[in-house]
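J.: Starting off with a structure, shown below.
The values are calculated or read from the model by the stated rules, or taken from the named source; none is laboratory data. As the structure is a prediction and not an experimental result, all values here were calculated from the model. Backbone-built Cβ (ideal geometry, glycine too); neighbour counts: all protein chains shown. Just the protein is used for accessible areas: all its heavy atoms, side chains included, with ligands, DNA and RNA removed. Shrake-Rupley method; radii C 1.70, N 1.55, O 1.52, S 1.80 Å.
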Amino acid sequence: MSGVSRVDEPEDADGVGGVDGAGGPGGRALLEVRGLRKSFGDHEVLRGIDASAASGTVTVLIGPSGSGKTTVLRSLNALEVPDAGTVRIGDVAVEFSPALRGRALQRAATRLRAQSGMVFQSHNLFPHLSVLANVMEGPVVVQGRPREQARAEAMVLLERVGLAEKAGQHPFQLSGGQQQRVGIARALAIRPQIVLFDEPTSALDPELVGEVLAVMKDLADQGWTMVVVTHEMRFARRVADRVLFLDGGVILEQGPPAAVLEDPREERTRRFLRRLVDPI
Amino acid sequence: MDQGTWQLVLDSLGPLLSGTVRGTIPLTAASFALGLVLALLVALMRLSSVGVLRAVARFYVSIIRGTPLLVQLFLIYYALPEFGATWDPFPSAVVAFSLNVGGYASEVIRSAILSVPRGQTEAALTIGMGYATTMRRIVLPQAARVAVPPLSNTLISLVKDTSLASSIQVVELLRKASEIAAPTYEFFALYGVAAIYYWVVCLVLSFAQTRAETRLNKHVAR
């Protein structure tokens, strides 16, 4: 499909653990972003983003609304097309520029997208398909894997997010938290190198947030490489390897959660965190 | 109505049924099927990122919506032979009605496609789907749910519009009624029977519409 060379993937039906590899020689980062820029009209959303993530790590993007964190995330799979900059995931690198457009852009985007799975704020499950069919759609329809194998693997994934018994139901019959967990299973089913989470708990009732975060923590423990946009500071503190604080389209501060969240250097970061704790 | 009129009505039931089954229904079915294919194509052109395709589609819809169906029918039946094409009445009618349905239904399909949330397409892209697969597997099945009621309107209108084909010698329900009525001057009785036949066909279609809607709404929270 896309000439993407891949490090070997686990063959067992249970092969949904952290797909590492692709670190390449010399401990090259799995994800690398250089000089990302993006404007919507006159408004510069991203003003030069540089970041990288090693295989098996969890990177959490935080920042006020409009800081560009979601745009960064959506640039990683070209749902948002940056004006300039490079995104590399594993062996697939795409250099964005105004010259990259039309079919060439489509091809590059497809190659890049094959590297990651995405979990959306508003789950975006396919309402006309059953839970199981939602998870199988990518492996069967796009990747052409044998249906029986894809079904077995999908059931393992649903088991892992605790929803195996809902396989035959349709998305509207599930709670928000369950829908989001199916979304996670769907994202993992294509065996991505990286899983992207775009505010996965922001649209949920407070009492449903925990079950989704628990699944995400499990994935982190299994060694999945994750990039997460979230406002859940406790999740960031407990699960993240690195926290990036974005403001005004640049990364203002980054480091381990203990540093960025407990003892931020920047006054802007401190103000943001104070407001999260005490909104009024 | 006197005895003779009733007898005429009774005698006409068979021929009018034949006009319906062998004229009106095939004409409607063929035109609607072809028209839908055309409409999908035109809808996708209108949603395309290619300016020329959008312009061509807009022009086509504008012509179809801006001219009377009867004129379109006459143009295709009478004018095309001038350019060397000879047409039987029936295929001419199918072409004219298909083009007409294509224009109207394309707007329905376009808005149904637009009604599918952007997030659905994005989710499809992130699991690796391209444009065609996304349309076929994700967008169109959901658009169908939205499109069924207005498309049923188009279909039901088409059933009645096919009566215009009687004006270019196509043998269908209305034509049969006219043929039987003309020598007897029983226009009221015969057109009355024809009206009831049209109504019954439309009733059946309305029933089918309800069933289709129920089926397509099965997986959506109300």
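J.: Output the direction-averaged projected area (hull surface divided by four) of the convex hull of the alpha-carbon atoms of region A:103-255, in nm².
T.: Details: hull surface 41.5 nm².
About 10.4 nm², averaged over all directions.
J.: Another question, if that's okay. Tell me, what is a quarter of the convex hull surface for the C-alpha atoms of region A:118-179, in nm² with one decimal?
T.: That works out to 4.1 nm², a quarter of the Cα hull's surface.
J.: Accessible area of chain A with a 1.4 Å probe: how many percent of it is carbon plus sulfur? The partial results should precede the final answer.
T.: On the way: 5710 of 11780 Å².
Ligands and nucleic acids excluded, carbon and sulfur reach 48 percent.
J.: Now, a different point. Starting from the Cα of B:K176, draw a straight line to each of the aspartates and glutamates and keep only those under 19 Å, dropping any in the same chain fewer than 8 residues away.
T.: Partners within reach: B:D11, B:D88, B:D161, B:E186.
J.: Apply the Kirkwood formula to region A:216-280: the hydrodynamic radius equals the inverse of the mean of 1/r over all pairs of different alpha-carbon atoms; give it in Å with one decimal.
T.: Every distinct Cα pair counted, the radius reaches 12.5 Å.
J.: Roughly how many percent of the accessible protein surface of region B:1-148 is carbon and sulfur, given a 1.4 Å probe and a whole-percent answer? Walk me through the numbers on the way to the answer.
T.: Values: 5060 of 7350 Å².
In region B:1-148, the share of accessible area belonging to carbon and sulfur is 69 percent.
J.: Using alpha carbons only, how many angstrom separate the centre of region B:145-180 from the centre of region A:76-93?
T.: 54 Å
J.: If you scale each eigenvalue of the Cα gyration tensor by 5 and take the root, what three semi-axes come out for region B:65-106, rounded to whole angstrom and sorted largest first?
T.: The answer is 19, 11, 8 Å, longest axis first.
J.: What translational diffusion coefficient, to the nearest whole µm²/s, does region B:27-122 have by Stokes-Einstein, given a Kirkwood radius computed over alpha-carbon pairs, a temperature of 25 °C and 0.890 mPa s viscosity?
T.: Calculated translational D: 172 µm²/s.
J.: Does region B:89-222 classify as rounded, prolate or oblate by the C-alpha gyration tensor (a ≥ b ≥ c root eigenvalues; a/c under 1.5 gives rounded; else a/b over b/c gives prolate, otherwise oblate)?
T.: prolate
J.: Students often forget the sequence filter, so: which aspartates and glutamates lie under 15 Å Cα-Cα from A:K69 once same-chain residues fewer than 8 apart are removed?
T.: List returned: A:E44, A:D50, A:E80, A:D198, A:E199, A:E232, A:D247, A:E253.
J.: Just A:E207, A:E137, A:E44 to compare: in a GNM of chain A, with alpha carbon springs under 10 Å, which one fluctuates most?
T.: Highest fluctuation among the options: A:E207.
J.: For B:D161, what accessible area in Å² do you get when you roll a 1.4 Å probe over the heavy atoms of the protein chains, rounding to the nearest 10?
T.: 50 Å²
J.: Also: Hey, got the average number of other protein chain Cβ atoms within 10 angstrom for residues in A:110-117?
T.: 2
J.: So which residue, out of A:R74, A:R268, A:R37, gets the largest mean-square fluctuation from a GNM of chain A using Cα contacts under 10 Å as springs?
T.: Fluctuation is largest for A:R268.
J.: Counting only heavy atoms of the protein chains, get the accessible area per residue of the protein assembly as shown (1.4 Å probe) and round it to a whole Å² value.
T.: Value for the protein assembly as shown: 46 Å² per residue.
J.: Could you compute the net charge surrounding A:L196? Neighbours are other residues with a C-beta less than 14 Å from the C-beta of A:L196; K and R count +1, D and E count -1. Mind showing how you got there, number by number?
T.: Values: positive: A:K69, A:R74, A:R113, A:R186; negative: A:E80, A:D198, A:E199, B:E122.
Taking every other residue near A:L196 into account, the sum is 0.
J.: Could you state, as a whole-number percent, how many of the C-alpha pairs of region B:130-189 are farther apart than 19 Å?
T.: Distances greater than 19 Å cover 58 percent of the Cα pairs.
J.: Here's something else I'd like to know. From the phi of every residue in region B:86-97, what ³J(HN,Hα) in whole Hz does the Karplus formula 6.51 cos²θ - 1.76 cosθ + 1.60 yield, where θ is phi - 60° and glycine or proline is x?
T.: After applying 6.51 cos²θ - 1.76 cosθ + 1.60, I find 9, 10, 6, x, 5, x, 4, 5, 4, 4, 4, 5 Hz.
J.: Moving to a separate point now. Quick one: which of A:185-195, B:19-29 comes out on top by average Cβ neighbours within 10 Å, and what's the full order, highest first?
T.: Per-residue mean Cβ counts within 10 Å order the peptides as A:185-195, B:19-29.
J.: Sum up the charges of everything whose Cβ sits under 12 Å from the Cβ of B:A144, counting Lys and Arg as +1 and Asp and Glu as -1, but leave B:A144 out.
T.: Net local charge, B:A144 excluded: +2.
J.: While we're looking at this one, here's another question. Computed over the Cα atoms, what is the radius of gyration of chain A divided by 2.2 N^0.38 Å, N being its residue count?
T.: So chain A has a normalised radius of gyration of 0.98.
J.: Related question: Ignoring ligands, DNA and RNA, how do A:L31, B:L41 rank by accessible area with a 1.4 Å probe, largest first?
T.: Descending accessible area places them as B:L41, A:L31.
J.: Per residue of region A:268-280, what does 6.51 cos²θ - 1.76 cosθ + 1.60 with θ = phi - 60° give for ³J(HN,Hα)? Whole Hz please, x for Gly and Pro, Karplus curve as stated.
T.: Once rounded to whole Hz, the list reads 4, 5, 4, 4, 4, 5, 4, 5, 5, 6, 9, x, 8.
J.: Within 10 Å of each Cβ in peptide A:136-144, how many partner chain Cβ atoms are there on average? Round it to a whole number, please.
T.: 4
J.: Mind checking Rg over Rh on region A:25-156, alpha carbons, Kirkwood formula for Rh? Intermediate results must be reported in sequence, preceding the final value.
T.: Working: Rg = 16.8 Å, Rh = 16.6 Å.
The Rg/Rh ratio comes out at 1.01.
J.: Expressed as a rounded percentage, what relative contact order does region B:99-222 have, with Cα pairs under 8 Å and six or more residues apart?
T.: Computed over region B:99-222, the figure is 25 percent.
J.: Further, regarding this structure: Collect residues whose amide H, placed 1.01 Å from N in the peptide plane, falls under 5 Å from the amide H of A:M118; neighbours closer than 5 in sequence don't count.
T.: Placed amide hydrogens put A:L196 under 5 Å from A:M118.
J.: While we're looking at this one, here's another question. How big is region A:65-104 on each of its three principal axes, counting only the C-alpha atoms and giving the largest first in Å?
T.: Result, largest extent first: 32, 23, 14 Å.
J.: List the equivalent ellipsoid semi-axes of the protein assembly as shown in whole Å, largest first, each obtained as the square root of 5λ for an eigenvalue λ of the Cα gyration tensor.
T.: 59, 24, 20
J.: List the residues whose amide H sits under 5 Å from the amide H of A:V250, counting only those 5 or more places along or on another chain, with H placed 1.01 Å from N in the peptide plane.
T.: For A:V250, whose amide H was placed from the backbone, the distant partners under 5 Å are A:R47.
J.: Tell me, what ³J(HN,Hα) does each residue in region A:181-198 have, in order and in whole Hz, if you take phi through Karplus 6.51 cos²θ - 1.76 cosθ + 1.60 with θ = phi - 60° and put x for Gly and Pro?
T.: 5, 4, x, 5, 4, 4, 5, 6, 4, 7, 6, x, 7, 9, 10, 9, 10, 9
J.: Another one. Chains B and A: buried accessible surface, both sides, probe 1.4 Å, rounded to 100 Å²?
T.: 1900 Å²
J.: Report the residue, chosen from B:L205, B:L80, B:L158, that carries the largest GNM mean-square fluctuation when chain B is represented by alpha-carbon nodes joined by springs under 10 Å.
T.: Looking only at B:L205, B:L80, B:L158, the largest GNM fluctuation is found for B:L80.
J.: Next question, about the same structure. Could you tell me which residue out of B:Q169, A:I49, B:F187 lies farthest along the dipole of the protein assembly as shown toward its positive end? Charges go on the beta carbon: Lys and Arg +1, Asp and Glu -1, centred on the Cα centre.
T.: Positive-most Cα among the choices belongs to A:I49.
J.: Right, another one. Averaging the inverse of every distinct alpha carbon separation and then flipping it gives the Kirkwood radius. What is it for region B:1-41, in angstrom units?
T.: So the Kirkwood estimate lands at 12.3 Å.
J.: Moving on to the next point. Percent relative contact order of region A:67-178, based on C-alpha pairs within less than 8 angstrom and at least six residues apart?
T.: Rounded, it is 19 percent for region A:67-178.
J.: Taking amide H positions as placed in the peptide plane 1.01 Å from N, state which residues far from A:W224 in sequence (5 or more) or on other chains have amide H under 5 Å from it.
T.: Here the answer is A:G18, since their amide H atoms fall under 5 Å of that of A:W224.
J.: Quick one: give the max-minus-min coordinate of the C-alpha atoms of region B:146-222 along each principal axis, largest first, in Å.
T.: 58, 23, 13
J.: Something else now. Ignore the peptide's own chain and count Cβ atoms of other chains within 10 Å of each Cβ in B:127-135; give me the average, rounded.
T.: Shielding by partners across B:127-135 averages 6.
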